[in-house]
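Beneath this line is the structure, given in structure tokens, with notes to follow.
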């Protein structure tokens with residue numbers, strides 16, 4: 001039979017979250033609490049639901065039916081994204097709507113092929129790394145992000161790199177880059193001729209205007225950066241599926257050819273446009289009423305994060321993140337991540353994500369997701385306070 | 001800046017249909033009729049619309065909200081597909097629901113990498129060929145499909161091939177393979193250790209039970225074939241987006257490793273599941289009432305094809321397809337496809353697709369799509385009868 005893509009050998013047998021769920025399915029704890037995968041739990045806003053219902057109703061009429069849309073998504077939605085979320089710093093033509101950021105990250109890899117060197121934060125969202133392995137990229141640098149460097153990589157020690165994946169606010173560490181840090185990154189990209197793939201999937205959680213939500217708030221970024229983003233966490237579209245990617249027209253390869261033109265060709269070849277139902281919902285989400293609802297959702301998850309953070313503080317643990325990001329990141333007593341994961345699962349029923357699943361420098365850490373119902377969070381905080389494993393509490397002597 | 005994937009150089013600058021639409025936008029004809037891209041025009045069935053409306057409403061409630069689903073799609077839909085469309089010849093676990101067949105074709109390529117030889121029908125749906133170019137596959141055989149061989153490739157003269165893309169009913173020629181032809185293909189795949197990627201996106205249009213709709217109706221196919229299919233043409237989901245791929249567990253690589261296991265890993269890495277709204281609609285489409293509605297849609301488009309066929313017969317043209325497939329394929333007077341395309345566009349306002357856009361053996365042919373409103377078809381048939389360019393009519397002497 002057919003030969004196997006040798007790059008498949010480079011992947012671990014299971015993607016992280018299916019492995020987490022496999023172990024959870026073997027747990028005997030009577031009442032599990034899900035703080036593992038970052039999965040939204042709050043209903044989508046009424047205005048978004050109504051827009052999707054209306055679109056579904058229209059599709060059953062002769063007047064309202066439409067077939068294929070543009071591969072890069074409806075024009076009105078691209079314009080709304082630009083005016084609402086980018087305040088005009090990019091053009092609608094530069095936005096490609098898709099079925100989600102995870103899919104886009106893999107599609108983007110087709111632009112660069114196997115012969116580029118890439119860098120990823122360590123720990124990192126596994127998809128960047130896996131997409132590079134699948135593409136056959138051999139030269140992959142891990143940039144340690146630890147409490148010592150405030151979870152921001154030391155760019156001075158970065159070896160020559162073609163492509164840098166950068167997630168801000170960060171999944172899994174919950175860290176948020178300052179304007180100065182992003183400026184340094186963009187300057188570095190200009191100096192070293194590096195392209196940044198900036199993952200802004202959690203940017204809606206940034207609460208302070210001094211902290212940039214988009215890389216394009218930094219001068220010169222449109223010449224060195226692609227931005228990937230998503231409606232998943234913004235409006236609860238994890239199951240509805242909608243994301244977008246900005247590929248500025250100013251972006252050039254070494255050969256001066258346009259990256260944007262290539263991406264248009266890649267998208268028309270490998271994709272057939274986002275769902276018209278999801279697009280209708282997203283357009284409503286960016287209306288005045290929709291944006292208010294988004295703000296309520298964001299506040300809910302950030303309050304969850306605050307509650308978890310306070311509960312963990314009870315045990316004098318070092319806890320990071322959770323301020324402008326719905327993830328908390330903590331370490332405990334030098335234990336291995338999967339051991340911590342198992343101990344928490346068996347003794348407290350908390351489903352978490354082992355930090356080592358995100359890379360070598362995630363070892364010893366645990367990620368807690370604040371994507372949960374308030375009831376779950378309150379139960380979780382109670383267990384953290386009252387049923388926390390003794391072995392994870394700091395020794396007093 | 002970053003290096004460019006050298007495989008991008010191998011693609012033509014434009015994907016076929018954007019190029020067609022670019023030329024159409026330059027046309028001065030006052031009343032264009034769209035018979036180009038195979039895009040559905042009939043409203044989706046009421047029962048499908050209601051199911052999607054209900055799902056959209058549920059997502060706005062605490063009880064009905066759900067986030068991420070399984071990457072391979074909801075279990076109930078996979079089971080329904082198996083029981084309704086495959087009559088149990090495959091298992092629900094072997095079905096991967098996706099956002100469409102075009103996306104799946106590209107995703108499947110990740111299983112095989114650059115070092116396999118592939119074969120495609122010529123003419124062919126361009127995505128197979130382009131996906132191979134993007135993957136860096138060098139060894140691509142074109143299998144001529146012409147009136148002389150009844151548009152079925154001569155498999156005896158096929159050079160050693162790892163991977164065969166086979167579209168049935170065929171886009172663009174409209175040809176349909178007999179059971180004997182498919183049996184020969186499956187036998188060949190066993191004998192030559194070849195894997196078939198069988199595109200069944202138009203199989204719902206097959207009207208006679210003696211003609212197989214799925215490759216799995218052929219004995220031994222589950223050891224040599226992957227089947228890709230779609231709700232796009234079946235139920236008007238071109239804009240809603242939903243497809244599926246069957247990767248049987250019996251499929252093995254040369255190394256005996258499971259192709260199915262790898263595809264599960266690829267899907268969890270590059271995809272985040274189909275839209276829950278589209279999935280709800282598809283489930284309703286496969287209900288008893290839904291299947292009746294599908295049958296009405298199919299009949300509508302096949303009647304369109306018949307009307308076009310009769311009109312073209314008026315000019316004594318050789319017309320193929322249109323019986324079990326919504327595409328017609330015809331040649332005229334030894335003209336080049338793009339010249340024919342332009343002549344029809346300027347003189348009759350008919351938007352068609354040039355056969356040469358599907359491969360070298362499509363040169364001289366034109367594809368007509370029967371995906372249109374009846375009104376459009378009746379106007380088109382009138383123009384074909386009354387305004388057909390003189391230069392395209394057979395010379396009498």
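The values are calculated or read from the model by the stated rules, or taken from the named source; none is laboratory data. Predicted model, so just to flag it, every value in this text is computed and none were measured. Ideal geometry is used to build each Cβ from the backbone, glycine not excepted, and the neighbour counts take in all protein chains shown.
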Just for helices (runs of 4 or more DSSP H) wholly inside the range A:210-318: which have at least 2 residues that are over 19 Å from residue A:200 (Cβ atoms)? A:259-270, A:276-285, A:288-313
From the set of residues in the range A:353-368 that are crowded, with 24+ Cβ neighbours inside 10 Å and touching a residue at least 40 places away in the same chain (Cβ under 8 Å), which is nearest to residue B:61 (Cα to Cα)? A:368
Those residues of the range A:58-80 which are more than 23 Å from residue B:51 (Cα to Cα), in a loop (DSSP other than H, G, I, E, B) and either at pLDDT 95 or above or under 22 Å from the mean Cα position of the chain (by Cα) (or both) amount to A:72, A:73, A:74
Residue A:164 passes all but one of the listed conditions (1) more than 14 Å from chain B (Cβ to nearest Cβ); (2) under 20 Å from residue A:254 (Cβ atoms); (3) buried (at least 24 other Cβ atoms within 10 Å of the Cβ); the exception is number (1)
Go through (1) in a helix (DSSP H, G or I); (2) facing chain B (nearest Cβ under 9 Å) and name the single condition residue A:20 misses. (2)
For the range B:41-55, check the following and say yes or no: at least one residue is away from every other protein chain (no Cβ under 14 Å), under 28 Å from residue B:266 (Cβ atoms), surrounded by 21 or more Cβ atoms within 10 Å (Cβ to Cβ) and touching a helix residue (DSSP H, G or I) at 6+ places or on another chain (Cβ under 7 Å). no
Of all strands (runs of 3 or more DSSP E) fully inside the range A:81-187, the set with 2 or more residues that are in contact with a helix residue (DSSP H, G or I) (Cβ under 6 Å, 6 or more places away or on another chain) is A:95-98, A:117-122, A:139-144
Please pick out the residue among A:305, A:280 that is under 30 Å from residue B:231 (Cα atoms), at pLDDT 95 or above and buried (at least 22 other Cβ atoms within 10 Å of the Cβ). A:280
Residue in the range A:95-127 that is surrounded by the fewest Cβ atoms within 10 Å (Cβ to Cβ), counting only those that are over 30 Å from residue B:240 (Cβ atoms) and more than 11 Å from every other protein chain (Cβ to nearest Cβ): A:122
Within the range B:246-266, restricting to residues that are more than 9 Å from every other protein chain (Cβ to nearest Cβ) and under 19 Å from residue A:19 (Cα atoms), the one that is surrounded by the most Cβ atoms within 10 Å (Cβ to Cβ) is B:263
May I ask you to list pairs of residues, at least six apart or on different chains, whose Cβ atoms are under 7 Å apart, with the first in the range B:182-194 being in the same structural domain as residue B:157 (by TED's automatic domain parsing) and the second being in a helix (DSSP H, G or I) and surrounded by 23 or more Cβ atoms within 10 Å (Cβ to Cβ)? B:182/B:215; B:186/B:221
Residue list for the range A:322-353, filter: within 17 Å of the chain's Cα centre (by Cα) and part of a strand (DSSP E or B): A:327, A:328, A:329, A:353
The residue that is farthest from residue A:299 (Cα to Cα), considering only those in the range A:56-76 that are more than 8 Å from chain B (Cβ to nearest Cβ) and surrounded by fewer than 20 Cβ atoms within 10 Å (Cβ to Cβ), is A:63
May I ask you to verify whether residue B:168 is closer than 20 Å to residue B:109 by Cα and either in contact (Cβ under 8 Å) with a residue 12 or more places away in the chain or within 22 Å of the chain's Cα centre (by Cα) (or both)? yes
Out of all the residues in the range A:9-40, which are within 30 Å of residue B:194 (Cα to Cα) and surrounded by 20 or more Cβ atoms within 10 Å (Cβ to Cβ)? A:15
